[in-house]
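See below for the structure under consideration.
Values in this text are rule-based calculations from the coordinates and carry no lab data. These numbers were taken from a predicted model, which means no experiment stands behind them. Here Cβ is always computed from backbone atoms with ideal geometry, including for glycine, and neighbour counts include all displayed protein chains.
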Amino acid sequence: MRIKMLKCLITVLVGLSSYLAPAQNMVNFNWLEGIWTIRAEKYTIQERWNRLNDSTYQGQSVLIKPSGDTIPQESLTISYTGGDWYYISKVIGQNNNQPVRFKIFYHKNFEFISENPLHDFPQRIQYRKINQQLLASIEGKKNGKYGKQNFDFMRQEVTPEKQ
């Protein structure tokens, strides 16, 4: 009787662990949500991130001129597919306007690092949130020469008229 109960318990535990296993790969990127801004003298760069569901976050990067004209720069997605998380970037006027996937190989708390070693530049993209700052960077080699560019965003408080 005990062996039969033990076998039953093992079967239930194995079934439960296989059911819960995909949830272990689910990561919370809610910390990205909101409007993030870099203000420069001649323009403002803005990234807006929204959570669509448990496995998809969508972002948009725009350049805002002093006149108020907004120029779309990049469509962004963070998506969980095929057992992995991907940062997907579609830059207007680059890569034949096709999205480029970067596999997220590191994620913890308020940070992730993604990589696509086959892409021309960048090969690595990183985001880290520290308090009200979102520190993003792109890096890699282009024409055999290493380069890195940092983007230090500040959280923009949203007032009712800006929604």
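Values for this structure:
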item	result
Contact order normalised by residue count of segment 60-137, Cα under 8 Å, 6+ apart, percent	16 percent
Cβ-defined net charge surrounding Val100, 12 Å radius [Lys, Arg +1; Asp, Glu -1]	0
Simple label model, 7 Å out from Cα along Cβ direction - Asn50 to Arg128, nm	3.0 nm
Potential extension, Gln58-Ser75 segment - 0.36 nm per residue separation minus Cα distance	5.3 nm
Table column - 3J(HN,Hα) (Hz), segment 117-129, Karplus curve with 6.51, -1.76, 1.60, x for Gly and Pro	x, 8, 6, 5, 6, x, 9, 9, 10, 10, 10, 8, 9
In segment 75-163, lysine pairs closer than 30 Å at Cα, eight or more apart or cross-chain	23
GluC sites (Glu not before Pro) restricted to DSSP loop in segment 96-157 with at most 10 other C-beta within 10 Å	Glu157
Estimated vicinal HN-Hα couplings, Hz - segment 35-41 in sequence order (Karplus 6.51, -1.76, 1.60; Gly, Pro = x)	10, 10, 9, 10, 9, 10, 5
